[in-house]
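Readers should treat all values here as calculations from the given coordinates under stated rules, not as data from a laboratory. Here the structure is a predicted model, which means the values were calculated and not measured. Neighbour counts run over all protein chains shown; Cβ positions are idealised from the backbone, glycine included.
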Amino acid sequence: MTALQAQPPVTVSVFVQRCSATRLGATLARRLAGWKLDSWGIPYGTPLSEDVALLVAELAANAVLHGRVPGRDFELRLVCTYATGVVRVEVSDTHEDRPERSAVEQPDADADGGRGLLIVEAVALRWGVSDRLGPGKTVWAEAGPGAPGGSAPGPLDGGRPG
């Protein structure tokens, strides 16, 4: 009979959900992100949870407003790396247009919109755009220790997924 071996600890957790490319879908994505982080041991209302919720809200809103293709959903993906305390937010849509980092500039003071990527730039450790399998692109951002938005320093001590 073989001896039982201890399972290695969970070091990364991943959550993926498709949402309708509507305002309701964007709201659902933000709420699901908060719920999932709480289940991973990152409580509601903590700086990291707030940063991730803001990143999801902005990236999902952009996917709905600028990346929407009729009949296509957008995808939310969260990746939590426990050792570093970094949470990566990825929002994928099927529209070919890609936001340019050089286009992130201050909009007119009277403008109703145009601040989403400025907010992402201010809160995230880093962000970017990458290709995805199939049509479209993935816009991603990372939050964690040392983030400009104020996430607490240090790796995550909290619970692991259950």
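At a glance:
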item: Two-site FRET efficiency, Leu24 against Leu4, from Cβ-Cβ distance with R₀ of 45 Å, rounded to 0.05; result: 0.45
item: Contour excess over end-to-end distance, with Cα ends at Glu96 and Arg31 and 0.36 nm allotted per residue; result: 20.7 nm
